[in-house]
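Engineer: Please find one structure pasted underneath; my questions will follow.
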Amino acid sequence: MPQLPIVINAEFKRITTMPLQSKFLSQLDVHSKKLMKLFKKRGGQIGRRLENIVAPMVEDDDVDLGRECVIKALCVYLNEDPENLLREYVAADEALIQGSIEETTLGIYVFKQRDASQEPDIGIVLEGQVVLQELDNVALATAMLFGLMYALNLNYPPDLKYTFEVLQKVVMELEGTTLSKKAQALKNRLYQ
């Protein structure tokens, strides 16, 4: 049986005629610089939250960390909670983590060990079930989650609808003719 990420990529390409993983990551990189400028311009409480989220990028020039920060900051910029997309756990009680995963409708988890030398386990949860695990990074997990939702024709969760709309219509350039006011405002600011 082929690995699930390969199947997700193939199904997404069959539906849209474009590659999922490479397009998602490259387009995220293309938009990152402009998004960072927008994040820095934002003031108030959201501006401070954005500043805290992108702070690790300044200290470390790791591409995967940068993409993760941009995805989290995009959620905040659109007034959505990145915790609804991404939950991080540090080696805690297995039953507590399992309970939290079972309560998750849709999202990404990052399970970090106390020993920082070990790679974290990054995976995807749908309807309380882990459907993918041991992914390389959060950006890849976001791409796979997006691809799964697209391939399975799932509605975007209400508490992340703007984030996924921007990922679909601005980042991936799919069906981008009609956008919500938030997504349109962001797109206009990106292309100024």
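Read-outs: derived from the displayed coordinates by stated rules, not from any lab. Quantities reported herein were computed from a predicted structural model and do not represent experimental measurements. Note: ideal-geometry Cβ built from the backbone for every residue, glycine included; neighbour counts use all protein chains shown.
Engineer: Listed highest first by mean packing, meaning other Cβ atoms within 10 Å per residue, what order do 72-79, 182-189, 157-164 come in? Write down the numbers at each step before the final one.
Structural biologist: Working: 72-79: 21.8, 182-189: 16.0, 157-164: 18.6.
Top of the packing list down: 72-79, 157-164, 182-189.
Engineer: Say the dipole of the stretch 52-192 comes from +1 at the beta carbon of Lys and Arg and -1 at that of Asp and Glu; which of MET172, TYR77, TYR191 then lies farthest toward its positive end?
Structural biologist: Sorting the options by dipole projection puts first TYR191.
Engineer: Whose amide H sits under 5 Å from the amide H of GLN133, counting only residues 5 or more places off or on another chain, with H placed in the peptide plane?
Structural biologist: So GLN133 has HN proximity to ILE124.
Engineer: Using R₀ = 25 Å, calculate the FRET efficiency as 1/(1 + (r/R₀)^6) where r is the Cβ-Cβ separation of GLU127 and ALA55; round to 0.05.
Structural biologist: Computed FRET efficiency for GLU127 and ALA55: 0.15.
Engineer: Determine the gain in length on full extension of the stretch ILE15-THR105; use 0.36 nm per residue of separation and subtract their C-alpha separation, reporting nm with one decimal.
Structural biologist: Working: separation 90, 0.36 × 90 = 32.40 nm, distance 2.42 nm.
Value of the extension gain: 30.0 nm.
Engineer: For the chain, give me the percentage of DSSP beta bridges that are antiparallel, rounded to the nearest 5 percent.
Structural biologist: Working: 10 of 15 bridges.
Antiparallel bridges: around 65 percent, rounded to the nearest 5.
Engineer: Tell me whether the chain comes out rounded, prolate or oblate; compute the Cα gyration tensor, take square roots of the eigenvalues as a ≥ b ≥ c, and use a/c under 1.5 as the rounded threshold. Don't skip to the answer; put the middle values down first.
Structural biologist: Details: a/c = 1.57, a/b = 1.14, b/c = 1.38.
Because a/c hits 1.5 or more and a/b fails to exceed b/c, the chain counts as oblate.
Engineer: According to the square roots a ≥ b ≥ c of the eigenvalues of the Cα gyration tensor, what is the shape class of the stretch 81-171, taking rounded for a/c under 1.5, prolate for a/b larger than b/c otherwise, and oblate for the remainder? Write out the running numbers ahead of the final one.
Structural biologist: On the way: a/c = 2.08, a/b = 1.61, b/c = 1.29.
Cα axes put the stretch 81-171 in the prolate bin.
Engineer: With θ taken as phi - 60° and the coefficients 6.51, -1.76 and 1.60, list the Karplus ³J(HN,Hα) couplings across the stretch 48-54 in order, rounded to whole Hz; mark glycine and proline as x.
Structural biologist: Calculated HN-Hα couplings, in order: 5, 4, 4, 4, 5, 5, 8 Hz.
Engineer: Report, in debye and to the nearest 20, how large the dipole of the chain comes out about its Cα centre when Lys and Arg carry +1 and Asp and Glu carry -1 on their Cβ. If you can, show how the numbers build up before the last one.
Structural biologist: Numbers: 22 positive and 27 negative charges, 291 e Å.
Here the chain has a charge dipole of around 1400 debye.
Engineer: Fully extended, how many nm does the chain gain between LEU65 and VAL7 (0.36 nm per residue separation, minus their Cα-Cα distance)? Walk me through the intermediate numbers first.
Structural biologist: Working: separation 58, 0.36 × 58 = 20.88 nm, distance 2.56 nm.
Contour length minus Cα-Cα distance gives 18.3 nm.
Engineer: What ³J(HN,Hα) values, in whole Hz, does the Karplus curve 6.51 cos²θ - 1.76 cosθ + 1.60 give for the stretch 104-119 when θ = phi - 60°, with x put for Gly and Pro?
Structural biologist: Values, residue by residue: 7, 7, 7, x, 10, 10, 10, 9, 9, 7, 5, 7, 5, 6, 8, 5 Hz.
Engineer: Between LYS40 and SER180, what is the FRET efficiency for a Förster distance of 25 Å, r being their Cβ-Cβ separation, to the nearest 0.05? Could you put the intermediate results ahead of the total?
Structural biologist: Working: r = 24 Å, r/R0 = 0.94.
Calculated transfer efficiency: 0.60.
Engineer: Once Rh is set to the Kirkwood radius over Cα pairs, what Stokes-Einstein translational diffusion coefficient, in µm²/s, holds for the stretch 22-82 at a temperature of 25 °C and a viscosity of 0.890 mPa s? Intermediate results must be reported in sequence, preceding the final value.
Structural biologist: Details: Rh = 11.6 Å.
The Stokes-Einstein estimate is 212 µm²/s.
Engineer: Could you pull out the longest piece of the chain with no exposed loop GluC sites (Glu not before Pro) in it, calling a site exposed if DSSP puts it outside H, G, I, E, B and it has at most 15 other Cβ atoms within 10 Å?
Structural biologist: Between exposed loop sites, the widest span is 1-102.
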